[in-house]
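Beneath this line is the structure, given in structure tokens, with notes to follow.
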Amino acid sequence: MQTKSGQKTLERVISKAGLGSRTQARSWIHAGRVRVNGKIVENPDHWIDFDRDRVLFDDKPLQVRDRVYLLLNKPAGYITTFKDPERRPTVYDLITGVDTFVSPVGRLDLETSGLLILTNDTQFAERLTNPDHRISKTYLVRCESVLPDGALEQLRRGVSLNDGPTRPAEVRRREGTEVEIAITEGRNRQVRRMIEAVGSKVADLRRVRIGGLGIGGLAEGSWRELNAGEIGALGGREVRR
Ligand code: URA
């Protein structure tokens with residue numbers, strides 16, 4: 001994304017106001033619902049200077065939204081995207097009643113369940129997803145076979161994937177074919193590929209922790225707001241309401 005200092009594109013201004021996704025923002029701008037200094041601007045890439053320009057959406061000034069942080073216990077079968085061309089259920093079908101547009105912090109595969117944070121705080125999201133910050137994501141994995149000790153050791157040291165070696169991971173054996181794996185990266189289908197790299201397959205995958213935040217007693221398919229302590233511990237700022 002391009003930025004000029006102190007300026008943002010109109011698309012970014014509208015989506016950051018918490019009204020909708022960037023795709024929606026573009027379509028609203030194209031539809032002529034946005035005025036800048038009294039004139040309709042239909043170009044989503046138009047640069048806005050907050051000190052100078054007055055932006056109206058449907059003839060109302062944009063309001064600065066509070067930061068919102070949600071924790072969802074995602075069931076398998078829901079896709080982590082706003083709109084799915086194949087019309088499968090999405091995580092947005094589960095967070096009804098939230099009046100601010102929030103984006104998922106990283107993705108869980110369609111068939112992965114567990115902890116997913118959604119927020120409109122883009123800096124917080126970046127902090128959690130950027131591997132440089134090494135925030136661990138912990139997964140409970142049921143494999144199709146019992147992993148031998150050597151396989152667990154390989155996972156701990158790092159395995160070779162087609163997009164490069166994985167960082168050392170924390171790995172603990174649980175009951176039967178279950179293992180708990182904590183990684184500090186979030187590459188595409190990473191845990192599934194790691195398990196395949198040591199000769200098994202994932203039968204079930206659930207994210208149970210991000211940093212120190214666990215899923216607790218939150219029922220599958222339910223969501224709640226994070227509390228101030230949880231937000232602070234993960235590097236966000238307290239919600240002012
Ligand atoms: N690793 C995966 O393979 N899938 C997920 O959804 C998350 C981590």
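Worth pointing out:
- Taking every DSSP beta bridge that has both ends in the chain, the antiparallel portion is near 95%.
- Rounded, prolate or oblate (a/c below 1.5 giving rounded, otherwise prolate when a/b exceeds b/c) for the stretch 75-131 by Cα gyration tensor: oblate
- Of the two radii for the stretch 1-136, the radius of gyration is 1.01 times the Kirkwood radius, both from the alpha carbons; that is the Rg over Rh value.
- For the stretch 136-210: rounded, prolate or oblate by the Cα gyration tensor [a/c cutoff 1.5]: rounded
- Across the chain, the relative contact order, built from alpha-carbon pairs under 8 Å that are at least six residues apart, equals 20 percent.
- Accessible surface of the stretch 136-210, 1.4 Å probe, proportion on carbon and sulfur as whole %: 42 percent
- Relative contact order (%) - criterion: Cα under 8 Å, at least six apart; region: the stretch 136-210: 49 percent
- Residue pairs, from the table Lys8/Lys60; Lys60/Lys83; Lys8/Lys74, whose Cα atoms sit over 24 Å apart: Lys60/Lys83; Lys8/Lys74
- Residue (of Thr184, Ile79, Ile48) at the positive-pole extreme of the chain, dipole from beta-carbon charges: Ile48
- Spatially proximal aspartates and glutamates relative to Lys16 (Cα-Cα < 15 Å; intrachain offsets below 8 disregarded): Asp45, Asp49, Asp66, Asp99, Asp121, Glu126
- Over the stretch 42-99: Kirkwood hydrodynamic radius from C-alpha pairwise inverse distances, Å: 15.1 Å
- Computed over the chain, the per-residue total of -39500 (n - 2.57) for DSSP H runs of n ≥ 4 gives a 222 nm mean residue ellipticity of -5500 deg cm²/dmol, rounded to 500.
- Sequence-distant residues sharing a close amide H with Ser136 (under 5 Å, placed H): Gly211
- Size of electric dipole in the stretch 126-215: Cβ of Lys, Arg +1 and of Asp, Glu -1, about Cα centre, debye, nearest 20: 180 debye
- 3J(HN,Hα) along the stretch 223-230: 9, 8, 7, 6, 8, 4, x, 5 Hz, from the Karplus curve 6.51 cos²θ - 1.76 cosθ + 1.60 with θ = phi - 60°, whole Hz, x for Gly and Pro.
- Given +1 at the Cβ of Lys and Arg, -1 at the Cβ of Asp and Glu and no other charges, the dipole of the stretch 8-61 around its Cα centre is 100 debye to the nearest 20.
- Whether the stretch 8-61 is rounded, prolate or oblate, judged on the alpha carbon gyration tensor where a/c under 1.5 counts as rounded: rounded
- The alpha carbons of the chain stretch over 68, 37, 36 Å along the principal axes, in descending order.
- Distance from the C-alpha centroid of the stretch 58-131 to that of the stretch 14-32: 16 Å, rounded to the whole angstrom.
The values are calculated or read from the model by the stated rules, or taken from the named source; none is laboratory data. Computed from a predicted model, the values in this text were never measured in an experiment. Here the Cβ is made from the backbone with ideal geometry for all residues, glycine too, and neighbour counts use every protein chain on show. These area figures cover heavy atoms from the full protein model, side chains too; ligands, DNA and RNA do not enter into them. Shrake-Rupley method; radii C 1.70, N 1.55, O 1.52, S 1.80 Å.
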